[in-house]
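The values are calculated or read from the model by the stated rules, or taken from the named source; none is laboratory data. Since the structure is predicted, the reported quantities are computational estimates derived from the model, not experimental observations. Quick reminder, even Gly has a Cβ in these numbers, built from the backbone with ideal geometry, and neighbours come from all protein chains shown.
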Amino acid sequence: MSYICTKCGRETKNIEDFVRCPYCGSKILIKGRPNIPREITTD
């Protein structure tokens, strides 16, 4: 699962023991959403 830092915007792949961004040290991380295309039917 990937996480995105809200401060620097970089994506990290593995977060095991730490809860900080390895690049800037920010503690606020959000889960990255998968790129799944969605189909919308129009009738």
| task | Name the residue, out of LYS13, LYS31, LYS27, that is surrounded by fewer than 13 Cβ atoms within 10 Å (Cβ to Cβ), of a type in the set (Lys, Arg) and modelled with pLDDT under 85. | result | LYS13
| field | Cross-chain or 6+ apart pairs with Cβ under 6 Å, the range 24-43 first and closer than 13 Å to THR12 by Cβ, then among the polar types (S, T, N, Q) | value | ILE28/THR6; GLY32/SER2
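Going through the chain one residue at a time, which ones are of a type in the set (S, T, N, Q) and in a loop (DSSP other than H, G, I, E, B)? Working first, answer last.
So the first thing to find is which residues in the chain are of a type in the set (S, T, N, Q), and the list is 2, 6, 12, 14, 26, 35, 41-42.
Matches in the chain: SER2, THR6, ASN14, SER26, ASN35, THR41, THR42.
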